[in-house]
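The values are calculated or read from the model by the stated rules, or taken from the named source; none is laboratory data. Just so it is clear, the structure is predicted and the values come from calculations on it, not from any experiment. FYI the Cβ positions are ideal-geometry reconstructions off the backbone, even for glycines, and counts take in every protein chain you see.
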Amino acid sequence: MQVYWVNGAYAHVPGHYGQPGPQFPGGGAGCRPLTFVLLHGSWADASFWNGVAAELRRQGHIVHAPEYPGHGADPNTNVTHGQITQAVADYIVECDLKDVILVGHSFGGSVVQTTAERVPDRIKRLVFANALVLGKGQSPADQFPPEARQGFEQLRQASKDDTITLPFNIFRETFVNLADLDLARRLYAEIRPEPAKPLFEKLKLDSFYELDIPRSYLYLTGDNVLPQGGGYGWHPHMSSRLGLFRLIEAQGDHMTYFRTAPAYVACKLYEASRD
């Protein structure tokens with residue numbers, strides 16, 4: 001059995017930090033090539049996927065990580081969830097992608113749902129990696145407890161461009177709780193204010209819940225962004241909305257292992273995506 005140990009050997013991958021990660025069996029040899037479209041979460045851009053995308057390509061897969069309007073190099077933060085969805089759907093169509101494994105992380109789960117409504121015939125499987133799975137008529141912000149939603153509203157009102165800047169203490173304790181302080185500070189330096197409108201938009205999602213596309217949930221068990229229990233949480237609270245789904249559990253918090261252990265995350269994504 002070939003084993004990969006994630007360390008400084010991957011330091012050349014953009015967006016990767018060479019800290020030790022978990023040991024795992026590799027998924028590269030003999031695996032069936034897949035076509036991935038990777039959708040990032042809030043306070044991130046498409047570069048979030050750089051390390052994981054490089055590992056998936058090394059295994060022989062085709063990987064796309066489209067950027068959202070209002071993110072990355074786009075200075076216009078006055079965007080809607082519908083515009084983000086349309087941009088992703090247009091990307092898939094313009095690239096003529098078929099049999100897509102559509103992967104969403106965090107907020108990207110809601111974009112997986114709405115994109116699947118637009119181009120269901122081009123998608124082979126939906127994968128939610130500690131990602132939002134909204135109920136009908138809900139917004140991404142509705143997945144948080146009232147005190148957290150109130151905090152987001154206050155941060156939104158304090159901004160000059162209708163964005164939300166995540167305070168470091170929240171980021172450190174909930175998004176990268178498994179990172180050391182130095183790494184947490186480096187990762188925090190990369191995040192940007194998040195456009196607020198998409199987070200508070202209510203999404204109908206009637207069509208999504210009529211789709212019969214296979215779906216998987218990759219659950220990173222150390223994630224502290226949402227409380228687990230009391231009507232909140234990634235799994236089983238939101239994952240159970242998917243109906244029949246494949247569950248893959250893995251180590252990791254919300255963001256750290258995507259950067260420090262991209263080969264491990266890529267392996268788990270493949271397990272979630274394969275036939």
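Taking the range 61-86 on its own, how many of its residues are surrounded by fewer than 20 Cβ atoms within 10 Å (Cβ to Cβ) and not in a loop (DSSP other than H, G, I, E, B)? So the count comes out to 5. Candidates Gly41, Gly51: the one that is outside any loop (DSSP other than H, G, I, E, B), at pLDDT 85 or above, buried (at least 21 other Cβ atoms within 10 Å of the Cβ) and under 14 Å from the mean Cα position of the chain (by Cα) is Gly51. Reported count of residues in the range 230-256, each being under 16 Å from Leu269 (Cβ atoms) and among the basic types (Lys, Arg), is 1. Of all residues in the range 91-108, those that are closer than 26 Å to Asp253 by Cα have Cβ atoms under 7 Å from Cβ atoms of residues that are among the polar types (S, T, N, Q) and assigned to a loop (DSSP other than H, G, I, E, B), 6 or more apart or on another chain, in Ser106/Ser42; Phe107/Ser42. Within the range 141-163, the set of residues being in a helix (DSSP H, G or I) and acidic (Asp, Glu) comprises Asp142, Glu147, Glu153.
Remark: pairs (first residue in the range 175-194, free of Cβ contacts under 8 Å to residues at least 40 places away in the same chain; second residue in a loop (DSSP other than H, G, I, E, B); Cβ separation under 7 Å; 6+ apart in sequence or on different chains) = Ala184/Val176.
The residue of the range 61-81 that is farthest from Val111 (Cα to Cα), among those that are in contact (Cβ under 8 Å) with a residue 24 or more places away in the chain and of a type in the set (Gly, Ala, Ser), is Gly72.
Going residue by residue through the range 111-125, is there one that turns out to be surrounded by 18 or more Cβ atoms within 10 Å (Cβ to Cβ), in contact with a Pro (Cβ under 7 Å, 6 or more places away or on another chain) and closer than 18 Å to Gly41 by Cβ? No; the residues of the range 111-125 include none that is surrounded by 18 or more Cβ atoms within 10 Å (Cβ to Cβ), in contact with a Pro (Cβ under 7 Å, 6 or more places away or on another chain) and closer than 18 Å to Gly41 by Cβ. Filtered by the rule that a residue be out of contact with any strand residue (DSSP E or B) (no Cβ under 8 Å at 6 or more places or on another chain) and in a loop (DSSP other than H, G, I, E, B), the range 206-230 gives Asp206, Ser207, Leu211, Asp212, Gly222, Asn224, Pro227, Gln228, Gly230.
Yes/no per residue for (1) under 16 Å from the mean Cα position of the chain (by Cα); (2) over 22 Å from Phe175 (Cα atoms); (3) assigned to a strand (DSSP E or B); (4) of a type outside the set (D, E, K, R):
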{"residue": "Ser240", "(1), (2), (3), (4)": "no, yes, no, yes"}
{"residue": "Leu244", "(1), (2), (3), (4)": "no, yes, no, yes"}
{"residue": "Ile248", "(1), (2), (3), (4)": "yes, no, yes, yes"}
{"residue": "Asp253", "(1), (2), (3), (4)": "yes, no, no, no"}
{"residue": "Val265", "(1), (2), (3), (4)": "yes, no, no, yes"}
{"residue": "Leu269", "(1), (2), (3), (4)": "yes, no, no, yes"}
{"residue": "Asp275", "(1), (2), (3), (4)": "no, yes, no, no"}
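Taking the numbered list (1) outside any loop (DSSP other than H, G, I, E, B); (2) in contact with a His (Cβ under 7 Å, 6 or more places away or on another chain); (3) within 30 Å of Cys267 (Cβ to Cβ) in turn, Arg186 passes all entries but (2).
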